[in-house]
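This report refers to the structure that appears directly beneath it.
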Amino acid sequence: MNTKHNRQDLHSFLSQHPSIHPERRAAAVPIMQALQKERGYLNDAAIEKVAHLTGLSTTEVEELATFYTLIYRYPVGRHVVQICDSVCCSIRGADELLVAAEKYSGVPLGAVTPNGALSVLPSICLGLCDRAPAALVDGEGLGPLDEVALEALLRSLGEED
C-alpha cells in the first residue's frame, strides 16, 4: 500500500473499523493486519496507533499482536515460511525440517535473509494436521513437506527479487 490513494483507503478503513466492531479487541486484529500489510510488520508506533484507534492500552494490543502468529512484531522477509512445530507435525518430521530450514536459508529461524527475500518461522499449530509436516508459505498451506521439497522451496523463494 504505497500509493497516496491506498494510504487514504487505509486511513478511512482505520478510522471506521472500530465502529464496525463494537468489541475493541475484535476491532484490533483487522487493524493490525491492515497496518502490517502496509509496513510488513508492526513497529511500536503501529501498536500505539492501534491502541489509540481502539481505546485499548498498548499492553493489550501488544498481547494480541504476540498471540497471533500471523502478526509480526519485527521485520520479516518478502516471503514468510511458517513451519508447524506442534505435536502432530513434530512426530512426522517438523523438527528436522526446522533444522534443514536454517541450513538452506542460511540464516537462523526468525531472521531475514541478507537479500530480504525470506524468513522462516516456527509456528504452533497451523491447523494442517492432515498434511503434516506442514507449513504456511505466504499464508498458503503446504504439506506434507519433506527435506527435498523444503530445500527447493526455500531456494526458489530466496532467489526471487
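Structural remarks
Residue by residue, here is whether (1) farther than 18 Å from residue 148 by Cα; (2) of a type in the set (Lys, Arg) holds:
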| residue | (1), (2) |
| --- | --- |
| 64 | yes, no |
| 68 | yes, no |
| 78 | yes, yes |
| 89 | no, no |
| 99 | no, no |
| 113 | yes, no |
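- Complete set of residues in the stretch 144-161 that are surrounded by 11 or more Cβ atoms within 10 Å (Cβ to Cβ) and either free of Cβ contacts under 8 Å to residues at least 40 places away in the same chain or of a type in the set (Phe, Trp, Tyr) (or both): 149, 152, 156
- Selection from the stretch 48-75 of residues that are crowded, with 18+ Cβ neighbours inside 10 Å and in contact with a Phe, Trp or Tyr (Cβ under 6 Å, 6 or more places away or on another chain): 72
- Filter pass, residue 7 being surrounded by 13 or more Cβ atoms within 10 Å (Cβ to Cβ) and modelled with pLDDT under 90: no
- Residue 41 surrounded by 13 or more Cβ atoms within 10 Å (Cβ to Cβ) and aromatic (Phe, Trp, Tyr): yes
- Residue list for the stretch 109-123, restricted to those being of a type in the set (Val, Ile, Thr) and either surrounded by fewer than 20 Cβ atoms within 10 Å (Cβ to Cβ) or free of Cβ contacts under 8 Å to residues at least 12 places away in the same chain (or both): 112, 113
- Complete set of residues in the stretch 98-108 that are farther than 18 Å from residue 136 by Cβ and either crowded, with 19+ Cβ neighbours inside 10 Å or of a type in the set (A, V, I, L, M) (or both): 99, 107
- Unmet criterion (only one of (1) within 26 Å of residue 33 (Cβ to Cβ); (2) at pLDDT below 95) for residue 109: (2)
The values are calculated or read from the model by the stated rules, or taken from the named source; none is laboratory data. No experiment lies behind these values; they were computed from the predicted model shown. Reconstructed Cβ throughout: ideal geometry from the backbone, glycine too, with neighbour counts over all protein chains shown.
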